[in-house]
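Inspection log for the structure reproduced underneath, given as structure tokens.
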Amino acid sequence: MSNLKEILLDRNSCKSIWFMRQAGRYLPEFRKIRSENKDFIKLCLNSDLSSEITLQPIKRFDLDSAIIFSDILMIPYALGQNVTFTSGRGPKLSKFDIKTFLKKSGKDISQNLSPIYKAIEITRRKLNKKKSLISFVGAPWTLMIYMLELKNSHSSKAQVKINFKEEEIQIIIKKLIEFCCIHIKKQAESGCDVVQIFDSWASKIPEDKFDKYCYAPNREIVEFCQKEKIPSICFPKGIGNRYKTFNEVVKPNGINLDYDIDPLWAKNNLKDVVLQGGMSPKLLLDADEEMFAGATKYIQIFKDIPYVFNLGHGLLPETDPDKVKKLIEFYRKFK
């Protein structure tokens, strides 16, 4: 199997496999640690445990890449917002104050997230050098959605709030681009080979502001990565056929497909980029035959282009680890 970094930069192989959320709640070894560490943010900031969790799926499945155990909301945390996680409800952030936000600097990111960088250093020392270590950030729009508590709004309601504070929104996006780039660079300096940029709420962007809030911020971050020689994978979830324009404008090294994207359409329309993912994580909850049929579809469509086998979203908590093992073995034995 090939190193993900090599595939993204050299495109000399199409054989690689890893999964989003591969270190997480579906693993009993993770659940044991989590049961003893109730505060999720503190767990992310425990360098030794974060590294251990990162390596759990590598030890169990020998995947081709590790992704550092962290969360996209570590940036809002580093900037002073309280972040809590409630089972079944997801994250809750304290009220956003733009005056406090504008006083923050890159120093706040570097200092407050230093345990993450230490975890990366520990992991890189323990990880096989032939395997890539992946870092990640939330894209500015997605981070802002969480920071302003808009994630439960319908698009129309979110648009009202955004239009009401247009100037402030542009200032927030600009600052978040700066903070994302700092976090990416620090992770790379600590030993990560690749960064994945998650725009998980891109589907909420109003039609007339797509360039301003999706394409432009992601492009600026990808251009920073290119300057720093850090391979990038973008995941603009839920944007449908806009994937084509996104790819043409942003120009990442790799682009992760969500499970609503037709893989044949992706192959025909997304050029000069390594494709990744696409398969629904729900297929791992089905019978083996259905899971294998789903995997076969993606493998066959992308067999003659650079492709990283992954999912169209993260592994679900109820996933059986044995199903993950079967899928990995199926992929690696596929002819």
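The values are calculated or read from the model by the stated rules, or taken from the named source; none is laboratory data. Because the structure is predicted, anything quoted here is derived from the model rather than measured. Here Cβ is always computed from backbone atoms with ideal geometry, including for glycine, and neighbour counts include all displayed protein chains.
Key figures
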{"quantity": "Residues satisfying the stated conditions in the stretch 280-296, i.e. in contact with a Lys or Arg (Cβ under 8 Å, 6 or more places away or on another chain) and either surrounded by 20 or more Cβ atoms within 10 Å (Cβ to Cβ) or within 15 Å of Ile261 (Cβ to Cβ) (or both)", "calculated": "Leu284, Met291"}
{"quantity": "Residue check, Ile230 within 26 Å of Ser65 (Cα to Cα), out of contact with any strand residue (DSSP E or B) (no Cβ under 7 Å at 6 or more places or on another chain) and not in a strand (DSSP E or B)", "calculated": "no"}
{"quantity": "Selected residue (criterion: surrounded by the most Cβ atoms within 10 Å (Cβ to Cβ)) from residues of the stretch 297-318 that are assigned to a loop (DSSP other than H, G, I, E, B) and in contact with a Gly (Cβ under 8 Å, 6 or more places away or on another chain)", "calculated": "Asn310"}
{"quantity": "Long-range neighbours under 6 Å by Cβ, at least six apart or interchain, first residue modelled with pLDDT of 90 or more within the stretch 83-100, second of a type in the set (S, T, N, Q) and outside any strand (DSSP E or B)", "calculated": "Leu93/Gln81; Ser94/Gln81; Ser94/Asn82"}
{"quantity": "Test set (1) part of a helix (DSSP H, G or I); (2) buried (at least 18 other Cβ atoms within 10 Å of the Cβ); (3) among the small types (Gly, Ala, Ser) - Ser110 fails condition number", "calculated": "(2)"}
{"quantity": "Residue in the stretch 8-38 that is farthest from Val308 (Cα to Cα), counting only those that are of a type in the set (Gly, Ala, Ser) and surrounded by fewer than 18 Cβ atoms within 10 Å (Cβ to Cβ)", "calculated": "Ser35"}
{"quantity": "Candidate set from the stretch 85-121 (those that are in contact with a Gly (Cβ under 9 Å, 6 or more places away or on another chain) and of a type in the set (A, V, I, L, M, F, W, C)); member that is nearest to Lys165 (Cα to Cα)", "calculated": "Phe101"}
{"quantity": "Subset tally (residues that are among the polar types (S, T, N, Q), over 16 Å from the mean Cα position of the chain (by Cα) and under 25 Å from Phe19 (Cβ atoms)) for the stretch 240-264", "calculated": "1"}
{"quantity": "Filtered residues of the stretch 123-155 (kept if among the hydrophobic types (A, V, I, L, M, F, W, C), modelled with pLDDT of 95 or more and over 20 Å from Ile182 (Cα atoms))", "calculated": "Leu127"}
{"quantity": "Given (1) in a loop (DSSP other than H, G, I, E, B); (2) at pLDDT 95 or above; (3) out of contact with any strand residue (DSSP E or B) (no Cβ under 6 Å at 6 or more places or on another chain), index of the condition Ile53 fails", "calculated": "(1)"}
{"quantity": "Single unsatisfied condition, Lys267 versus (1) basic (Lys, Arg); (2) in a helix (DSSP H, G or I); (3) free of Cβ contacts under 8 Å to residues at least 24 places away in the same chain", "calculated": "(3)"}
{"quantity": "Subset of the stretch 102-127 that is of a type outside the set (A, V, I, L, M, F, W, C) and in contact with a strand residue (DSSP E or B) (Cβ under 9 Å, 6 or more places away or on another chain) - its residue that is farthest from Asp48 (Cα to Cα)", "calculated": "Arg124"}
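Conditions tested, residue by residue: (1) in contact with a helix residue (DSSP H, G or I) (Cβ under 6 Å, 6 or more places away or on another chain); (2) within 30 Å of Lys129 (Cβ to Cβ); (3) buried (at least 17 other Cβ atoms within 10 Å of the Cβ).
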site	(1), (2), (3)
Ser65	yes, yes, yes
Asp71	yes, yes, yes
Phe85	yes, no, no
Thr100	no, no, no
